[in-house]
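So the structure is just underneath, and the comments pick up after that.
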Amino acid sequence: MITCIKDQLIRDEGVRLVKYLDSRGFWTIGVGHNLDAKPLPFDVSGGITFAQATQILGDADYNPGDDLGDVSFQLFRDLPWLKDLDVVRQGVFLNMGFNMGVGGILEFHHDLADTQAGNYVKAAADMKASAWYTQVGARAQRLCQQMISGVWQ
C-alpha cells in the first residue's frame, strides 16, 4: 500500500540507477531526476545506488535542494492555500508537479479553484478533462481517485 509521496513517486517514475535519455531527450537518473536541469555535485557516469536515488528524491521533510523539496517549495510559494489541504491531497499536486513541473499545474485553473473550494469530485473531473490525463494513463487515474477519496493510491 502506498503511504506517502515518496513511495508513490518511486512507483510512478520508477528507479533507474544508470543515467539514460528520457522520452524528451534529457539525461535522467534515479527517480526521474533531470540531470540537464539540475546537475548533481558528483560523478554519475558509473551509476548510483538506490540509497543515492532516494536521497536525491528527498523525503517527507521536503528539504530544500532535493527534488521533492524543490517542487514543494515552488508549489507552496505559488499556491499557499495548499498548506491547508490534507497531506494526501497535497500529494496529488506534488506528484503532478514532479511529473509536469509546477508551471504545468498552474495552468489547471479550474482544478485548482475546485480543490481550493473543497469540491474534490469536481477537481478530479477537471483533471480528467485535461490532455495530461490521457498522456500519463494509470498515474492520472490513481491521482484522480486520490483527490476524490483523500486516500493514498
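The listed residues are Leu68, Leu57, and the only one of them that is within 20 Å of Gly14 (Cα to Cα), modelled with pLDDT of 95 or more and buried (at least 18 other Cβ atoms within 10 Å of the Cβ) turns out to be Leu57.
Output the residue which, of all residues in the range 98-125 that are without any contact (Cβ under 8 Å) to a residue 24 or more places away in the chain and in a helix (DSSP H, G or I), is nearest to Asp66 (Cα to Cα). The qualifying residue nearest to Asp66 (Cα to Cα) is Gly103. Just one residue in the set Met127, Met100 is crowded, with 19+ Cβ neighbours inside 10 Å and either in contact with a Phe, Trp or Tyr (Cβ under 9 Å, 6 or more places away or on another chain) or more than 22 Å from Gly30 (Cβ to Cβ) (or both); that residue is Met127. Note on the range 81-97: among residues that are of a type in the set (D, E, K, R) and part of a helix (DSSP H, G or I), the one that is nearest to Tyr133 (Cα to Cα) is Arg89.
Remark: Leu106 falls outside the filter, which requires a residue to be within 20 Å of Arg11 (Cβ to Cβ) and either of a type outside the set (D, E, K, R) or crowded, with 19+ Cβ neighbours inside 10 Å (or both). Picking from residues in the range 25-54 that are part of a helix (DSSP H, G or I) and among the hydrophobic types (A, V, I, L, M, F, W, C), the one that is surrounded by the most Cβ atoms within 10 Å (Cβ to Cβ) is Ala53. Step by step: first the residues of the range 61-107, then only those that are under 9 Å from the mean Cα position of the chain (by Cα) and among the aromatic types (Phe, Trp, Tyr), then the one that is nearest to Val151 (Cα to Cα). Which residue is that? Restricting to residues being under 9 Å from the mean Cα position of the chain (by Cα) and among the aromatic types (Phe, Trp, Tyr), the top hit is Phe93. Is there any pair with a first residue in the range 1-24 that is on the phi < 0 side of the Ramachandran plot and assigned to a strand (DSSP E or B) and a second that is of a type outside the set (S, T, N, Q) and loosely packed, with under 15 Cβ neighbours inside 10 Å whose Cβ atoms are under 8 Å apart and which are 6 or more apart or on different chains, and what are they? What qualifies is Leu17/Gly47; Leu17/Phe50; Val18/Gly47; Lys19/Gly47.
The set of residues in the range 107-151 that are within 14 Å of Phe93 (Cβ to Cβ) and among the hydrophobic types (A, V, I, L, M, F, W, C) comprises Phe108, Leu112, Ala113, Ala123, Ala124, Met127, Trp132, Ala140, Leu143, Cys144, Met147.
Filtered by the rule that a residue be over 19 Å from Val71 (Cβ atoms) and not hydrophobic (A, V, I, L, M, F, W, C), the range 126-153 gives Asp126, Lys128, Tyr133, Thr134, Gly137, Gln141, Gln145, Ser149, Gly150.
The values are calculated or read from the model by the stated rules, or taken from the named source; none is laboratory data. Every value quoted in this text rests on a predicted model; they were computed, and no experiment measured them. FYI the Cβ positions are ideal-geometry reconstructions off the backbone, even for glycines, and counts take in every protein chain you see.
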